[in-house]
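A quick write-up on the structure given underneath.
The values are calculated or read from the model by the stated rules, or taken from the named source; none is laboratory data. If you're wondering where the values come from, they're calculated on a predicted model, not measured in any experiment. All Cβ positions, even for glycine, are placed from backbone atoms using ideal geometry, and neighbour counts span all protein chains on display. What goes into the accessible areas is simple: the full protein's heavy atoms, side chains included, and nothing from ligands, DNA or RNA. Shrake-Rupley method; radii C 1.70, N 1.55, O 1.52, S 1.80 Å.
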Amino acid sequence: DYVFQEYTRLEEMPSWAPWLQSVELEGGPDQISKWNIASSGFKFSWRAKITQLITGKLICWESIEGLKNRGSVSFRTLSNEECEVCIRLGFELPQWLRTVFNNQFVRNFVSDKLQSELKIFRSLLLRKKRHLKSTERNASS
């Protein structure tokens, strides 16, 4: 649940996902958020709504405006210290971008970005966890 809780702090994602410029929560019953990304001179934005949420297990979304995309992030506990995070993402490139890049190039680019960002996320969580343990030890001394 710790990994899920940290991951769902959407507004904090840009701190570990460098191509995300911002994530803003608009709130409401549909849990709408606004996303802005920038990479290699390209900028995109969209608004998305959560379509399914199973606390500790799964988040699904789809865009409702802007760059068309949808996806899910699932969390599977492997042990007390390990959790597997699986991201599935589908998106529709604007026509002008499809004429410049082929789909496989874009798929590889996005996959590499996501892998890199998950490594940063993991490092951040490990640092937070070490800090928490250190603080708890000091408090009990």
Residue among 23, 85, 110 that is β-branched (Val, Ile, Thr), surrounded by 12 or more Cβ atoms within 10 Å (Cβ to Cβ) and in a helix (DSSP H, G or I) = 110
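Tell me, yes or no, whether the stretch 20-28 has at least one residue that is under 30 Å from residue 130 (Cα atoms) and of a type in the set (Asp, Glu).
Among the residues of the stretch 20-28, at least one is under 30 Å from residue 130 (Cα atoms) and of a type in the set (Asp, Glu), which makes the answer yes.
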Quick check, is residue 25 in contact with a helix residue (DSSP H, G or I) (Cβ under 7 Å, 6 or more places away or on another chain), of a type outside the set (Gly, Ala, Ser) and either on the phi > 0 side of the Ramachandran plot or free of Cβ contacts under 8 Å to residues at least 24 places away in the same chain (or both)?
-> yes
Close pairs (9 angstrom Cβ cut-off, 6 or more residues apart or separate chains): more than 10 Å from residue 33 (Cα to Cα) and among the charged types (D, E, K, R) in the stretch 43-66, open to solvent by 50 Å² or more (accessible area, probe 1.4 Å) and not in a strand (DSSP E or B) anywhere | 62/68
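Give the stretch 1-20 a look and list any residue that's part of a loop (DSSP other than H, G, I, E, B), of a type in the set (A, V, I, L, M, F, W, C) and touching a strand residue (DSSP E or B) at 6+ places or on another chain (Cβ under 8 Å), or say none.
From the stretch 1-20, those part of a loop (DSSP other than H, G, I, E, B) are 1, 8-9, 16-19; that's our starting set.
With the extra rule that they be of a type in the set (A, V, I, L, M, F, W, C), the set shrinks to 16-17, 19.
19 - this is the single residue of the stretch 1-20 that is part of a loop (DSSP other than H, G, I, E, B), of a type in the set (A, V, I, L, M, F, W, C) and touching a strand residue (DSSP E or B) at 6+ places or on another chain (Cβ under 8 Å).
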Could you list, in sequence order, the residues of the stretch 26-52 that are loosely packed, with under 13 Cβ neighbours inside 10 Å and assigned to a strand (DSSP E or B)?
-> 26, 27, 42, 43, 52
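Run down 122, 76, 107, 70 and say which single residue is at pLDDT below 90 and of a type in the set (Lys, Arg).
Working: 122 fails: at pLDDT below 90; 76 fails: at pLDDT below 90; 70 fails: at pLDDT below 90.
Unique residue meeting the criteria: 107.
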